[in-house]
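No lab work stands behind these numbers, since they all come straight from the coordinates. Since the model is a prediction, treat every value here as computed from it, not as a measurement. For neighbour counting, all protein chains shown are included, and Cβ atoms are generated from backbone atoms with ideal geometry for every residue, glycine included.
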Amino acid sequence: MSETGKPSQLLISISLVINLCSSILIVFLNKWLYRNHGFPNITLTFLHFLMTSLGLVFCLMLGLFQRKSIPIKNVLPLSLTFCGFVVLTNLSLQNNTVGTYQLAKAMTTPCILIIQTAIYRKTYSTRVKLTLIPITMGVIVNSFYDVRFNVIGTVFATAGVLVTSVYQVWVGTKQREFQVNSMQLLFYQAPLSAFLLLFVIPFCEPIIGEGGLFSSWPPQVYGLVLASCCVAFSVNLSIYWIIGNTSPITYNMVGHAKFCLTLLGGFFLFHEPLAFNQLGGVGLTLSGIVIYTHFKVQEQNQEETKTPAKTYESYDDGFRQSRRNVLPR
């Protein structure tokens with residue numbers, strides 16, 4: 001921790017790397033489950049949050065965090081938006097091409113910026129806003145030849161972007177509102193989200209029949225599901241920590257980097273085709289992320305250098321005031 005009580009740059013960097021690595025790993029684990037075994041998507045998300053809940057109970061027993069009482073009704077909106085973004089993004093992927101789906105996801109970043117600026121009065125410097133241009137353009141270039149619009153797909157994609165943006169903004173604001181850390185908030189949100197998904201799964205995926213959770217899966221599928229759930233604990237916890245200690249915009253930058261690295265990983269691991277325009281889009285997006293990171297580090301360093309000066313100034317003012325109180329008049 002820095003002198004101002006905020007996480008140090010090293011700790012933030014380590015957390016970003018952990019989230020990046022675990023998120024890429026879980027994408028490939030899930031992709032293997034979906035492509036080679038047809039494991040149900042939302043059911044796997046339910047198992048992820050169930051494992052996260054169990055992991056947090058274990059962390060609580062080890063004394064890694066203290067439980068703080070939060071009324072369920074206060075956490076319910078966060079859990080509902082989570083379930084909403086899971087269902088809507090799946091429906092968007094189902095009713096759109098992959099290019100359209102990725103393009104819609106890229107709109108989450110500017111949508112979050114608009115929400116935080118208009119509703120929460122958070123300000124961003126002009127140069128930080130300008131870094132969104134190469135990042136968004138990179139995704140557009142990457143997805144251009146696979147973009148196909150239709151009414152139903154557009155509705156689901158738009159709704160998915162809005163709900164996802166609200167969810168990510170609330171992950172940070174709720175931690176500050178309830179005065180809790182990432183583990184304390186996720187301790188309530190994870191089991192509640194898993195419970196709510198139980199009411200969604202029967203309408204979207206089979207449960208008992210072929211392709212359902214309780215059908216006879218090969219042993220290696222159970223091993224892959226367990227591995228995916230364990231990695232999901234790291235992903236969920238790091239998401240909450242990153243958003244709570246930085247911002248949803250910073251987390252979305254990591255998301256764009258994950259998209260680029262996942263695309264490259266699909267090329268090398270699954271031999272998926274990668275066109276020249278996609279390579280250009282990846283380069284453009286990654287360059288925007290590097291520039292954004294550079295500007296944010298500069299701004300944070302400037303804030304940290306200003307804070308001690310203000311502290312000493314207030315100390316001197318208080319000292320001079322105390323001297324005036326004790327000196328004879």
Taking neighbour counts of Cβ atoms within 10 Å as a proxy for exposure, in what order, fewest first, do 127, 176 appear?
176, 127
Net length gained if the chain between residue 208 and residue 17 were fully extended (0.36 nm per residue, minus Cα distance)
64.9 nm
Beta carbons within 10 angstrom, averaged per residue: use that to sort the peptides 110-123, 17-30, 206-219, 187-200, highest first.
187-200, 17-30, 110-123, 206-219
Using amide H atoms built 1.01 Å from N in the peptide plane, name the residues 5+ places from residue 38, or on other chains, whose amide H lies under 5 Å from its own.
none
What order do you get for 51, 61, 253, 107 when you list them from fewest to most C-beta neighbours inside 10 Å?
61, 107, 51, 253
